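I have placed the structure first, in the form of structure tokens, so that the comments after it can refer back to it.
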Amino acid sequence: MIFSKYTSKDVQTLLKSIDANLDKKFEIILIGGAAALLAYKATRLTQDIDTFNKIGTLKYAYNRAKQDTGLEIPLSQAGVADAPYNFEDRLVEYKKLKLKKLIIKIPEIHDFILMKTIRGYEHDLDVIEEISKRNKVSKEVLIARFESEMGHVIANKQMLLLNFAATLSRCFGEVAAKNWLDSSS
């Protein structure tokens, strides 16, 4: 199966059309590649638009937007997604599109990085590295949040620790990752 890849402009076009086709306000929490493209200046293309929340009542506007734009970008709630405790308290509203009815929220950058860290796939680490270079990311906040808000994640704990060390290495260098590993053992 061949997956299409979409740019930030493609995602923006579809979201604007969804907004135009909505009959009432609807809030979505974007995660994944689309969120990285829109909010965190990522250049890596995305295959879909993942949400953290259910989008059932958005389906009509989405289907109309696909017809209006010719963009077949898949939009759905992510099958599996873990986030730091209280991440919803730190969601950032994405207002650059000046939408009227569609309210787009995106995890704050440290929460977003931690959500990508859990899987630890190479393409996730690539995005983490890119957005950490293009945006302000605090090593102290990232470590504190990982240590205090990621205990609920259902994953192999050793693998999760290694994924986080890889994230630290990508964002702040190998020395930062080694220092954290040494201090956490």
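The values are calculated or read from the model by the stated rules, or taken from the named source; none is laboratory data. Fair warning: this is a prediction, and the values are worked out from it, not measured in the lab. Heads up, the Cβs are rebuilt from the backbone with ideal geometry, glycines too, and the neighbour counts pull from every protein chain shown. We work out accessible area using only protein heavy atoms, side chains counted, and drop any ligands, DNA or RNA first. Shrake-Rupley method; radii C 1.70, N 1.55, O 1.52, S 1.80 Å.
Only one entry of ILE73, ILE28, ILE55 meets the criterion of being touching a Phe, Trp or Tyr at 6+ places or on another chain (Cβ under 9 Å) and either without any contact (Cβ under 8 Å) to a residue 40 or more places away in the chain or among the aromatic types (Phe, Trp, Tyr) (or both), and that entry is ILE55.
Candidates in the range 46-93 are the residues that are touching a Ser or Thr at 6+ places or on another chain (Cβ under 6 Å) and not polar (S, T, N, Q); of these, the one that is farthest from ARG145 (Cα to Cα) is ASP68. Selection within the range 109-121: residues that are in contact (Cβ under 8 Å) with a residue 12 or more places away in the chain and over 9 Å from the mean Cα position of the chain (by Cα). The member of this set that is nearest to PHE146 (Cα to Cα) is LEU114.
Condition check ((1) under 23 Å from ALA39 (Cα atoms); (2) outside any strand (DSSP E or B); (3) of a type in the set (Lys, Arg); (4) in contact with a strand residue (DSSP E or B) (Cβ under 9 Å, 6 or more places away or on another chain)) across all residues:
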residue: ILE103; (1), (2), (3), (4): yes, no, no, yes
residue: MET115; (1), (2), (3), (4): yes, yes, no, yes
residue: VAL127; (1), (2), (3), (4): yes, yes, no, no
residue: GLU140; (1), (2), (3), (4): yes, yes, no, no
residue: GLU147; (1), (2), (3), (4): no, yes, no, no
residue: HIS152; (1), (2), (3), (4): no, yes, no, no
residue: LEU161; (1), (2), (3), (4): no, yes, no, no
residue: LEU168; (1), (2), (3), (4): yes, yes, no, no
residue: LEU181; (1), (2), (3), (4): no, yes, no, no
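Residues in the range 31-49 that are under 18 Å from LEU71 (Cα atoms) and buried (at least 21 other Cβ atoms within 10 Å of the Cβ): GLY33, ALA34, ALA35, LEU37, LEU38, THR46, ILE49.
Taking residues in the range 131-156 that are acidic (Asp, Glu), and partners anywhere that are open to solvent by less than 80 Å² (accessible area, probe 1.4 Å), the pairs with Cβ atoms closer than 6 Å and at least 6 places apart or on different chains are GLU149/PRO84. When you look at ILE73, is it assigned to a strand (DSSP E or B), more than 13 Å from the chain's Cα centre (by Cα), modelled with pLDDT of 95 or more and within 16 Å of ILE28 (Cβ to Cβ), yes or no? No, not satisfied.
Taking ASP124, is it at pLDDT below 95, crowded, with 18+ Cβ neighbours inside 10 Å and under 16 Å from the mean Cα position of the chain (by Cα)? Criteria met by ASP124. The sole residue among LEU30, LEU22 that is over 19 Å from ASN135 (Cα atoms) and modelled with pLDDT of 95 or more is LEU22. Applying a threshold of 6 Å to beta carbon distances and a minimum spacing of six or more residues, or different chains, the list of pairs starting in the range 163-178 at a residue that is of a type in the set (S, T, N, Q) and ending at one that is surrounded by fewer than 21 Cβ atoms within 10 Å (Cβ to Cβ) reads ASN163/GLY120; SER169/ALA177. Screening the range 129-176 for residues that are surrounded by fewer than 17 Cβ atoms within 10 Å (Cβ to Cβ) and of a type in the set (Ser, Thr, Tyr) and picking the one that is nearest to the chain's Cα centre (by Cα) gives SER138. With respect to (1) assigned to a helix (DSSP H, G or I); (2) open to solvent by less than 80 Å² (accessible area, probe 1.4 Å); (3) more than 25 Å from LYS139 (Cβ to Cβ), the lone exception for ASP68 is condition (2).
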